[in-house]
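Comments concern the structure below.
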Amino acid sequence: MSAVAPPTATGDRNTADPENRKAIRRAIGAGSIGNFVEQFDYGLYGYMAPVLAPAFFPGSDPAVAVLSTYALIAIACLFRPLGGTLVGRWGDRVGRKKALLWTLVVMGVTTAMIGALPTYQQIGIAAPLLLLVIRIVQGMVSGGEYVGAVAFIVEWAEPKRRAYYASYASNSCFFGILAGAGTAALTSAVFEGPALNSYGWRIPFLLALPLSAVGVWLRKRIEETPEFIRATEDGTQVVKAPIREAFRSQLRPILVFCGVSVMLAILSYSWVTFYPEYLTGTLGLPRWMALTSNAISVAVLIPLLPLAGILSDRIGRKPMLIMGAIACIVLVPLAFFVGEQATFGAAIASQLIYIIPEFFLTGIVTVCAAELFATRTRFSASAIAYNSSFSVFMGITPFVAALLVTSFDTIYAVWVYLAAAAVLALVVVSAFMTETYRSHLGADKFAR
């Protein structure tokens, strides 16, 4: 089937036209598949960390080995700002489609490479070093994948439904995490003991190759975004130095996004990556209960995010962000209290409480990653903002959360960590953020 041609660069789209709606649906699929592959890898790596730890690190101290496995995530995420900036510059100069095709290829190949790595027992210290190199490459590429996919979807979207459509980008991440959790649970159930530790853990990582192949096929079928074509006169008037221009004209929106998104990064990745390990390692739940309860809560959140997008398209971004920050402060300690009952039902209930602030924040921060910035530098500016805040805290949060619980012997130390970020977000949103839900995508936004 031939690729869908975009509307003309000069005229406004007739968004009610069935062909445009069809093109938007394809854009959502093409943009979301890369997020799915990225988060499948991230979720799988996080959930399988206790199995990966003895494979890549000395087994003399299991706790240190697990912390070291998480530390690789944090180190890799430190490279996301560099990679995201480079990919963002490319996306603003040659277009979203070309940049996103290559990020997906690299993500799929490197994830599969993890499944083929020799272990510490086989090659010694070279094993964790090779794993670190792969994670760094993934971190650099994924620094441009998510923001590029969000820009791609939002620039195809109908103006009054941008949060609704962007919610599917968020959902693709949770689908990826859910797939990672389900695959980890299934792998742990099928391969037990020595079989899991020797070769069973490798199989899920190899699945990234066919997944990325499907993604490349989807992305090749859709054309460049109409918004990018219009703003750059069909690519002939691109910004020559988009990174410099982003810092010159959009520094304040970048700082606003950073102030808001740190809260969501800590909230999300203390939940999907750290909390299942806490349920198992500290509270003593069987691994299958921890992973299954986490998967159930993710599955419940997925259909709620489009509803959150619809609500935000009606009332705006700022009210949703404020309610989400308050929910972080008030409801997360309640969720931890319920979880401490250390039963399967309590694990489920605690995480269902936990997803309430996720409902208000996840899709809204996602759409703000596109709306806060002008089209001609959107990829670069959003990559700088997203990776300077969300990506860094996404990477360090599982490690910091584990360290806080170990140091203070209570999970409420994690809540204090989150609450500090939520208070910062409340100040930034209330005092400095400009409402964007009725804004024109091509315009510069100066927070005030």
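The values are calculated or read from the model by the stated rules, or taken from the named source; none is laboratory data. Every value quoted in this text rests on a predicted model; they were computed, and no experiment measured them. All Cβ positions, glycine included, derive from the backbone under ideal geometry; neighbour counts span all protein chains shown. What goes into the accessible areas is simple: the full protein's heavy atoms, side chains included, and nothing from ligands, DNA or RNA. Shrake-Rupley method; radii C 1.70, N 1.55, O 1.52, S 1.80 Å.
A few remarks follow.
- Where 220, 160, 22, 318 fall by accessible area, highest first, once all protein chains stay in place (1.4 Å): 160, 220, 22, 318
- Segment 183-308: C-alpha pair distances exceeding 18 Å, %: 76 percent
- The 1.4 Å probe gives accessible areas that order 289, 48, largest first, as 289, 48.
- Shown for the chain: the carbon plus sulfur share of the solvent-accessible area, taken with all protein chains present and a 1.4 angstrom probe, equals 69%.
- Accessible area (Å², 1.4 Å probe, nearest 10) - residue 337: 120 Å²
- Look at the dipole of segment 27-186 built from charges on Cβ: of 79, 133, 90, the Cα furthest out on the positive end belongs to 90.
- Under a model in which nothing but the beta-carbon of Lys, Arg (+1) and Asp, Glu (-1) is charged, segment 120-192 shows a dipole of about 200 debye around its Cα centre.
- Heavy-atom surface of the chain, accessible at 1.4 Å and reported per residue (Å²): 37 Å²
- Cα-only radius of gyration and Dmax that characterise segment 224-290, units Å: 21.3, 60
- Mean Kyte hydropathy of -1.0 or more with a Cα span along the axis of at least 27 Å, helices from DSSP in the chain: 18-47, 96-114, 126-156, 162-190, 287-315, 317-339, 344-371, 412-432
- Calculated [θ] (222 nm, deg cm²/dmol) that DSSP helices of n ≥ 4 give over the chain, each run adding -39,500 (n - 2.57): -25500 deg cm²/dmol
- Given charges at beta-carbon only (K, R positive; D, E negative), |dipole| of the chain in Debye: 1140 debye
- When the charge dipole of segment 206-344 is built from unit charges on Cβ atoms (+1 for Lys and Arg, -1 for Asp and Glu) and taken about the Cα centre, the candidate among 278, 253, 326 whose Cα reaches farthest toward its positive end is 253.
- A simple charge model with +1 on the Cβ of Lys and Arg, -1 on the Cβ of Asp and Glu and nothing else charged puts the dipole of segment 311-448 at about 560 debye relative to its Cα centre.
- Among 395, 350, 381 the positive-end extreme of the charge dipole of segment 290-448 (Cβ point charges): 381
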